[in-house]
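Only one structure is covered here, and it is reproduced in the block below.
The values are calculated or read from the model by the stated rules, or taken from the named source; none is laboratory data. These figures come from a predicted structure and were not determined experimentally. Cβ coordinates were reconstructed from backbone atoms using ideal geometry, including for glycine residues, and neighbour counts include every protein chain displayed.
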Amino acid sequence: MNKKLTIIALILGLPIITICLFSSANHTGKRTTVSIRGEQFYINNEITYKDRYWKGNKIEGLLFNSRMVLGIFDDLNPLTRENFKYPDTGKWDPERNTNEFIEAMPDWKAKGLLAFTLNLQGGSPLGYGNHGWINSTFDSVGNLRKDYTNRLEKILNKADELEMVVILGYFYFGQDEQLKDEQAVINAVDNITNWILEKGYKNILIEINNECDILYDHNILQPERVTELFERVRKISSGKLLVSTSFSGNKVPSQNVIESADFILIHGNSVENPNDIKKLVEKVRSSEAYTPKPILFNEDDHFDFDKEDYNLLFAIKSYTSWGFFDYRHDGEGFESGYQSVPVDWKISSERKKSFFNKLYEITRKN
């Protein structure tokens, strides 16, 4: 404890423990770091899931994650905003959404989740599809919207406190058209990257855009040129920030992305046969452009965790990190899905429970 604070406490007759607790509650310095060594992830310079094996498969060095991209969601279109109202209040509330996200984070971590994907332009709030809503941290020329960054900061601070990693997506193909031109995209990259550095966050993996091979309006966000934005982030951050991009389900990233990315992001959507997960990983590793670096699924909507074979299992057998993607299916209640607004961020539905229970089994210490 600071000597001056101790003296003041004694003079005022206050219990010293009260001053200590107040001081530690202020989130000043950022402490959590993520780094990569070869094909393995490290948090605070310690390998993830240290010494952990599961059914003979090495777990240490992996980064299990979940797609939670709508943690700072809002709809700026008054014509569609009413679609996302909470069942108990009849209103949509972006601050409630973020606050309930933060409240749920310790429970995710307790089950073994070390990372989640959050996107500055979200994802489809219906699971799949885009229908007119406007959800973007960036305005039309790439400036940051303060209400969005305020919500983002709350989540990043909590992740830092919990020693969790955030896979932070910058752009989403359903919203990149909100940026009027290529210069606006570049401005957005510069502005958010500088914001991250100014805030001091070191627990972030950057995903420039979700599924860069789908429907992006701006050429610089498409596979042939997206690596230009990798280099831009590296230059601004002096190489401190790790960066990649993802491709659509069951697709091998392009050679230029495999070569340039700090880690490889792939998606398991459309992979119906779990053995094809292994084949997809093998194709990445056999690429002439590949050098040892982590391979990470950060989106897969296949579950079946109680069966003999399932996508998560084959990712582990391939020594590859895996990410849970869950949305509310037709006829399901509010508790279902992490990518359906309004979101119940708790581990509430049977599908969520099945994932987190399996994750706990896989990752718990021997």
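Condition check ((1) in contact with a helix residue (DSSP H, G or I) (Cβ under 7 Å, 6 or more places away or on another chain); (2) under 15 Å from K202 (Cβ atoms); (3) aromatic (F, W, Y); (4) at pLDDT 55 or above) across all residues:
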residue: I17; (1), (2), (3), (4): no, no, no, no
residue: V34; (1), (2), (3), (4): no, yes, no, yes
residue: Q40; (1), (2), (3), (4): no, no, no, yes
residue: T48; (1), (2), (3), (4): no, no, no, yes
- Note on the structure: Residues in segment 211-258 that are within 24 Å of E288 (Cβ to Cβ) and charged (D, E, K, R) total 8
- Task: Could you please let me know if N157 is of a type in the set (S, T, N, Q) and outside any helix (DSSP H, G or I)?
- Result: no
- Item | Only listed residue being basic (K, R) and under 18 Å from L229 (Cα atoms), chosen from K202, K180 | K180
- Message: Please go through segment 326-366 and give me each residue that is of a type in the set (F, W, Y) and in a helix (DSSP H, G or I), ordered by number.
- Response: F355, F356, Y360
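When you go through S340, S354, S336 one by one, which is the residue that is among the hydroxyl-bearing types (S, T, Y), free of Cβ contacts under 8 Å to residues at least 40 places away in the same chain and within 23 Å of F101 (Cβ to Cβ)? Break it down into steps so the answer makes sense when it comes.
Working: S340 fails: free of Cβ contacts under 8 Å to residues at least 40 places away in the same chain; S354 fails: free of Cβ contacts under 8 Å to residues at least 40 places away in the same chain.
Among S340, S354, S336, only S336 is among the hydroxyl-bearing types (S, T, Y), free of Cβ contacts under 8 Å to residues at least 40 places away in the same chain and within 23 Å of F101 (Cβ to Cβ).
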- Note on the structure: Residue hits (segment 185-230; surrounded by 22 or more Cβ atoms within 10 Å (Cβ to Cβ), out of contact with any helix residue (DSSP H, G or I) (no Cβ under 9 Å at 6 or more places or on another chain) and part of a helix (DSSP H, G or I)) are A188
- If we keep only residues of segment 333-347 that are surrounded by 14 or more Cβ atoms within 10 Å (Cβ to Cβ) and over 20 Å from the mean Cα position of the chain (by Cα), then the residue farthest from H302 (Cα to Cα) is F334
- Task: Might you let me know whether segment 70-84 holds any residue that is in contact (Cβ under 8 Å) with a residue 12 or more places away in the chain, assigned to a loop (DSSP other than H, G, I, E, B) and in contact with a His (Cβ under 9 Å, 6 or more places away or on another chain)?
- Result: yes
- Message: It is to be established whether one or more residues within segment 112-119 are on the phi > 0 side of the Ramachandran plot and surrounded by fewer than 23 Cβ atoms within 10 Å (Cβ to Cβ).
- Response: yes
- Query: Out of curiosity, is Y170 touching a strand residue (DSSP E or B) at 6+ places or on another chain (Cβ under 6 Å) and under 22 Å from S321 (Cβ atoms)?
  - Reply: yes
- Before we move on, is D326 out of contact with any helix residue (DSSP H, G or I) (no Cβ under 7 Å at 6 or more places or on another chain) and crowded, with 17+ Cβ neighbours inside 10 Å? no
- Which members of segment 35-69 meet the condition of being within 17 Å of M164 (Cα to Cα), in contact with a strand residue (DSSP E or B) (Cβ under 9 Å, 6 or more places away or on another chain) and part of a strand (DSSP E or B)? S35, I36, Q40, F41, Y42, I43, I47, N65, S66, R67
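To keep it simple, each residue is scored yes or no on (1) surrounded by 14 or more Cβ atoms within 10 Å (Cβ to Cβ); (2) touching a Gly at 6+ places or on another chain (Cβ under 7 Å); (3) not hydroxyl-bearing (S, T, Y).
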residue	(1), (2), (3)
N45	no, no, yes
T48	yes, yes, no
D51	no, no, yes
W54	yes, no, yes
E60	yes, no, yes
D75	yes, no, yes
L79	no, yes, yes
D88	no, no, yes
D93	yes, no, yes
